[in-house]
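Here the structure is laid out as structure tokens; the discussion comes afterwards.
The values are calculated or read from the model by the stated rules, or taken from the named source; none is laboratory data. Just so it is clear, the structure is predicted and the values come from calculations on it, not from any experiment. Here Cβ is always computed from backbone atoms with ideal geometry, including for glycine, and neighbour counts include all displayed protein chains.
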Amino acid sequence: MSGRVSGKVIIVTGAAIGLGTAIAKRLAEEGATIVRTDINGGGDVIRQDVTDEAQWQTLIDDVVRRHGRLDGLVNNAGVADGKGPPDPEGALAEDWRRIYSVNVEGTFLGCKYAMPAIAQGGGGAIVNMSSIGALVPTPFLSAYGASKAAVMQFTRSVALHCCEHGYAIRCNSVHPGQVRTPMHVDLIARTAAELGIDEDQAAEAFLSKVPMKKWQEAVDIANGVLFLMSDEARFVTGTSLVVDGGMSLTN
Amino acid sequence: MRLKDKVAIVTGAASGIGRATALTFAREGARVGVADIDADGAARTAGQIGERAIAIPFDVSQEDGWTDAVGRTVAHFGKLDILANVAGIGFPGSILDLTMDQWNKMIAVNLTGVMLGCQAAIRAIRDSGGSGAIVNVSSLAGLIGISDVAGYCGTKGGVTTLSKSVALFCAEQGLPIRCVSVHPTYVDSEMLDPIASAVGGRQAMVDAMARLVPIGRIATPQDIANAILFAASDDAAMMSGHALVIDGAQLAGPSSAHTKG
């Protein structure tokens, strides 16, 4: 049986760890050829700093040269923490710039250079990883939440741009809730330290905000990305797919 | 097979999105109760599927009909896991055009039908040991107002928030049931037929609608069935209360036409 994304060549950024690894694996299971990149390259993961414009150009050129085409891009690379406090009052401007640079500019640059390459091959799909942080207030992650809201809004602009230019490229954002990735483990540890409670208590406090009372698994998010990347979603563009166990309903 | 060992009921399954959904569910391994108020149509769709389907013709606005349809499905296939509430009707018209008869009919099918379906399905899934999802077909008209489809918007908006309430209830109760609403834009289905003659014929109508959708065409029933399949399957195991939009970027925002003189 052929896979749901068979024959597609798809770039996944931030693919050395966490959600990126799971997304790359799930897409590969369904038949895609995956190009993995990460700031921590090595093995079959290409080293890429998504904030570096020249690296994007080189990456896209190399992929098209090697594979003959590009069908999809998952802008997954992202950062949440900085050197200073995360709240709106205490946060450092330097941290905001860094978080925006990776999460927002990185996504912009990826879309900018992937669009013509995907269009040239007849079309495809882009998925930008946003977050539940784009949908609810996040004073404990102020720059991150704001950056992910920017990603959601930019996604819609890319979707409309592609429609208006006849590119046959769909673009959607995905919004995970609470997934126990390394980024999330860091958040729990920091929250525990700030509140002077142990990490199990901090984790329980986060879980209590999820109506389904379960952590999402990375594969739950990867399945959402798979749907959007596949031709099953051929009419789905400019929208936001929320995979959060109901959390955004109540917070 | 993404719905292997699952038992589903699909309403409105004689035509359009409902039929595409029933056929898609069956292709992915589900056994399907094929529901429609049109008994012949339900039988035709069930016949296309074969032994893995039964026709359960009934009126979704009647509580007794749900009791009977769910009872027959569970008796035949042993349990219930999934309900796709697709049945719906629409009358065009502004708020001042609406007649009480049109309003009552839309409320009965689009909103009462979905509410009764959620009640019946939650009880049946819980009591039969099933697990899965309720997928309610709302509309773009369930997320935004449209001046000349006022009554339809009212009923579909109700489906949007009813679905979120059902999702929260099931989560709070620890039931293995998710609830997702699905929001299509225009779909090229039999539902358009009654208004086609009033707007210059079917093709003229479809072309005019397509101009309002950035992606350049209107949806097919299969486009929507694909999304219902995703929402109903375990691929969406942590998606509940979500409003899944399938609209070719229509809601993404206004086009750039204003910049093009």
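A few remarks follow.
- Which listed residue is surrounded by 16 or more Cβ atoms within 10 Å (Cβ to Cβ) and part of a loop (DSSP other than H, G, I, E, B), from A:Val64, A:Val35, A:Val104, A:Val79: A:Val79
- For region A:209-224, filtered to residues that are at pLDDT 95 or above and more than 9 Å from chain B (Cβ to nearest Cβ), the residue that is nearest to A:Thr239 (Cα to Cα) is A:Ala222.
- Inspection of region B:152-159 finds a residue satisfying the criterion of being within 28 Å of A:Lys213 (Cβ to Cβ) and either in contact with a Ser or Thr (Cβ under 7 Å, 6 or more places away or on another chain) or more than 14 Å from chain A (Cβ to nearest Cβ) (or both).
- All conditions but one from (1) in contact (Cβ under 8 Å) with a residue 40 or more places away in the chain; (2) surrounded by fewer than 19 Cβ atoms within 10 Å (Cβ to Cβ); (3) assigned to a helix (DSSP H, G or I) apply to A:Ala205; the one that does not is (1).
- With respect to the stated conditions, A:Gly166 is under 30 Å from A:Gly68 (Cα atoms) and free of Cβ contacts under 8 Å to residues at least 40 places away in the same chain.
- Subset of region B:127-158 [surrounded by fewer than 20 Cβ atoms within 10 Å (Cβ to Cβ) and hydroxyl-bearing (Ser, Thr, Tyr)]: B:Ser128, B:Ser131, B:Ser147
- When the criteria are applied in full, B:Gly253 fails the requirement of being more than 13 Å from chain A (Cβ to nearest Cβ) and over 27 Å from A:Asp220 (Cα atoms).
- Hits in region A:208-233 - residues which are in contact with a Gly (Cβ under 6 Å, 6 or more places away or on another chain) and assigned to a helix (DSSP H, G or I): A:Met229
- Test: residue in region A:174-193 that is assigned to a helix (DSSP H, G or I) and either at the interface with chain B (Cβ under 9 Å from one of its Cβ atoms) or in contact with a Cys (Cβ under 7 Å, 6 or more places away or on another chain) (or both): no
- Region B:44-99, residues that are over 15 Å from B:Thr112 (Cβ atoms) and polar (S, T, N, Q): B:Thr45, B:Gln48, B:Thr73, B:Ser94, B:Thr99
- In the set B:Gly16, B:Gly47, only one residue is on the phi > 0 side of the Ramachandran plot and of a type in the set (Gly, Ala, Ser); that residue is B:Gly16.
- Taken together, the residues in region B:224-234 that are touching a residue at least 24 places away in the same chain (Cβ under 8 Å), touching a Leu at 6+ places or on another chain (Cβ under 9 Å) and at the interface with another protein chain (Cβ under 8 Å from one of its Cβ atoms) amount to 2.
- Residue satisfying all of: in region B:71-126; over 17 Å from the mean Cα position of the chain (by Cα) and within 21 Å of B:Ala43 (Cβ to Cβ); surrounded by the most Cβ atoms within 10 Å (Cβ to Cβ) among these: B:Leu80
- Yes/no for B:Gly241 being within 26 Å of B:Ala84 (Cβ to Cβ) and either in a strand (DSSP E or B) or of a type outside the set (A, V, I, L, M) (or both): yes
- Taking the criterion of being touching a Gly at 6+ places or on another chain (Cβ under 6 Å), assigned to a loop (DSSP other than H, G, I, E, B) and of a type in the set (A, V, I, L, M), the residues of region B:163-216 that qualify are B:Val213, B:Ile215.
- Between A:Asp244, A:Asp231, the distinction of being under 22 Å from A:Asn76 (Cβ atoms), facing chain B (nearest Cβ under 9 Å) and surrounded by fewer than 23 Cβ atoms within 10 Å (Cβ to Cβ) belongs to A:Asp231 only.
- Test for B:Ala237: is it among the hydrophobic types (A, V, I, L, M, F, W, C) and within 12 Å of another protein chain (Cβ to nearest Cβ): yes
- Residue that is surrounded by the fewest Cβ atoms within 10 Å (Cβ to Cβ) [pool: residues in region B:190-223 that are more than 8 Å from every other protein chain (Cβ to nearest Cβ) and touching a strand residue (DSSP E or B) at 6+ places or on another chain (Cβ under 9 Å)]: B:Val213
- Count - residues of region A:21-51 that are touching a residue at least 40 places away in the same chain (Cβ under 8 Å) and among the acidic types (Asp, Glu): 1
- Hits in region A:146-178 - residues which are under 21 Å from A:Leu249 (Cα atoms) and more than 13 Å from the chain's Cα centre (by Cα): A:Ala146, A:Gln153, A:Gln178
- Residue identified as over 26 Å from A:Ile99 (Cβ atoms) and part of a loop (DSSP other than H, G, I, E, B) among A:Arg4, A:Arg26: A:Arg4
- Cross-chain or 6+ apart pairs with Cβ under 7 Å, region A:1-20 first and surrounded by fewer than 24 Cβ atoms within 10 Å (Cβ to Cβ), then at pLDDT below 95: A:Ile17/A:Pro182; A:Gly18/A:Thr181; A:Gly18/A:Pro182; A:Gly18/A:Met183
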